[in-house]
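Below is one structure, written out as structure tokens; the observations come after it.
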Amino acid sequence: MNILVINAGSSSLKYQLFDMRTESILAKGICDRIGIDGNLKHTPVSNGKPVFNSSIPLPTHAEAIKAVIEKLTCADFGVINSLTEIKAVGHRVVHGGRKFSESVLIDGDVLDVIKSSTWFAPLHIPANLMGIDACREAIPGVPQVAVFDTAFHRTIPDYAHIYPIPYKYYQQYDILRYGFHGTSHRYVSAKAIEYLGGKAAGTKIVTCHLGNGSSLAAIKDGKSIETTMGITPLEGLPMGTRSGSVDPALVYILANLGGDKPTDYALDILNKESGVLGISGISNDFRDLETAAGIDTNNGEMLEGAPVNERAKLALDVFCYHAVKFIGSYIAVMGGLDALVFTAGIGENSPYTRAGICRLLNGIGIRIDMSKNGCRCGGKFMNITGEGSIAKVFVIPTDEELVIARDTIAIIGDF
């Protein structure tokens, strides 16, 4: 049974087609620069056909979906013979609000609830809806499933997800800490439980999804009990361009500098001009920062004689420091730690960041083997635990698309 997984952004659309009999990828790709000049990169995986990578007109998400379907089924680049081989489509939806604590089959009522959550994630949900609408138009009658970033974190207890503001805002407007990257935290924590022996009960895990957007989660007994992101993805760690948690009054201070649209000005700074980009003044890409700081991006070691940009180094230090503050608090909240997990682009591929975080945790007994840490994971599991460590330290490649495909097949059953 083939499942198409769609992750629609404001100007992009990523996809993977899975054969769920073996959970193997048949094809994957990305439609980029939708609404601008358009580009499609389509990679057949299962049959050795060539990659298609070219500029094509993609004025809207509807044309992007049509282009994807054409490439999936065409003679030169295709991996299936017809649309009838696609049994369902699973969509990543960023925010499910208070309504959804698990993935759901999309119908009119579900779409209404997703639309009502737009104000929580105004940059993401409209794009998610465009992807859903385009698929419903292009593949009518094929069941569509929504898999929510926020759903995994709905197990967070009330005392952790309630903001200390007047309670009426929670009751009337659903304002609370939702958390994000749920499919990633769910996938890697389940893998960590496997590596710890297979039983979720009694386990205490901190998962670190570190990328341009980063979040941490405390996973106890297999369930999320705390996470760094909040009602939006701005809260928590400093990230590529996002500030993370700051004094709330800073919004007011920045807004006073903002002219005609003070709130928009402040939020643009905190979302698009802050984080490691804002500190370094160089880049939001950690590879660029490591290079500027004189670090070998392959093994995380300082390059002898290389110049060191102090602001780039400071940005990296700030990131590691804040990650450790959250990790330490999560260990306290859970009453211990069995495993610390690194995942996503930085977590999997930055030995320097992993070492920087674990170095600050050395005082509480978390240690890594520097020789095992000194490489990128290359899509493979790594156990980098050091001798005498009080907890395991794992690098686990995430697979959010597989989570979406699994949820989709579970929901549609024999649809």
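A few points about this structure:
- Number of the condition not met by ILE409 [criteria: (1) under 30 Å from ALA88 (Cα atoms); (2) assigned to a loop (DSSP other than H, G, I, E, B); (3) open to solvent by 30 Å² or more (accessible area, probe 1.4 Å)]: (2)
- Failed criterion for GLY141 (all others in (1) closer than 30 Å to LYS49 by Cβ; (2) assigned to a loop (DSSP other than H, G, I, E, B); (3) touching a residue at least 12 places away in the same chain (Cβ under 8 Å) hold): (3)
- Residue that is surrounded by 15 or more Cβ atoms within 10 Å (Cβ to Cβ), out of contact with any Pro (no Cβ under 8 Å at 6 or more places or on another chain) and aromatic (Phe, Trp, Tyr), where the choices are PHE120, PHE77: PHE120
- Residues (within 30 Å of ILE357 (Cα to Cα) and either hydroxyl-bearing (Ser, Thr, Tyr) or under 21 Å from the mean Cα position of the chain (by Cα) (or both)) located in region 235-266: GLU235, GLY236, LEU237, PRO238, MET239, GLY240, THR241, ARG242, SER243, GLY244, SER245
- Single residue of region 379-394 satisfying the filter (touching a Ser or Thr at 6+ places or on another chain (Cβ under 9 Å) and in a strand (DSSP E or B)) that is surrounded by the fewest Cβ atoms within 10 Å (Cβ to Cβ): LYS392
- Selection of region 150-179 for residues being touching a residue at least 40 places away in the same chain (Cβ under 8 Å) and under 22 Å from LEU337 (Cα atoms) yields PHE152, HIS153, ARG154, THR155, ILE156, PRO157, ALA160, GLY179.
- Subset of region 319-352 (residues that are assigned to a loop (DSSP other than H, G, I, E, B) and more than 17 Å from the chain's Cα centre (by Cα)): GLY335, GLY336, LEU337, ASP338
- Scanning region 293-309 for residues that are surrounded by 15 or more Cβ atoms within 10 Å (Cβ to Cβ) and more than 22 Å from MET370 (Cα to Cα) yields a count of 1.
- Conditions (1) surrounded by fewer than 22 Cβ atoms within 10 Å (Cβ to Cβ); (2) closer than 15 Å to CYS135 by Cβ; (3) within 25 Å of the chain's Cα centre (by Cα): number failed by ASN7: (1)
- Filtered by the rule that a residue be open to solvent by 20 Å² or more (accessible area, probe 1.4 Å) and either in a loop (DSSP other than H, G, I, E, B) or of a type in the set (Gly, Ala, Ser) (or both), region 123-138 gives LEU123, HIS124, ALA138.
- Test: ALA200 is touching a helix residue (DSSP H, G or I) at 6+ places or on another chain (Cβ under 8 Å), of a type in the set (A, V, I, L, M), part of a loop (DSSP other than H, G, I, E, B) and closer than 18 Å to VAL393 by Cα: yes
- Residue count for region 80-107, restricted to those that are open to solvent by less than 30 Å² (accessible area, probe 1.4 Å) and more than 26 Å from the chain's Cα centre (by Cα): 1
- Residue count, region 1-57 (criterion: without any contact (Cβ under 8 Å) to a residue 24 or more places away in the chain, in a strand (DSSP E or B) and polar (S, T, N, Q)): 7
- For region 215-234, a tally of residues being at pLDDT 95 or above and surrounded by 21 or more Cβ atoms within 10 Å (Cβ to Cβ) returns 11.
- Residues of region 239-270 that turn out to be open to solvent by 90 Å² or more (accessible area, probe 1.4 Å) and either modelled with pLDDT of 90 or more or among the basic types (Lys, Arg) (or both), as a count: 7
The values are calculated or read from the model by the stated rules, or taken from the named source; none is laboratory data. What you see is a predicted model, and the numbers here were worked out from it, not measured in a lab. Methodologically, a virtual Cβ is constructed for each residue, glycine included, from the backbone with ideal geometry; neighbour enumeration extends over all protein chains shown. Please note that ligands, DNA and RNA were not included when accessible areas were found on the heavy atoms of the full protein model with its side chains. Shrake-Rupley method; radii C 1.70, N 1.55, O 1.52, S 1.80 Å.
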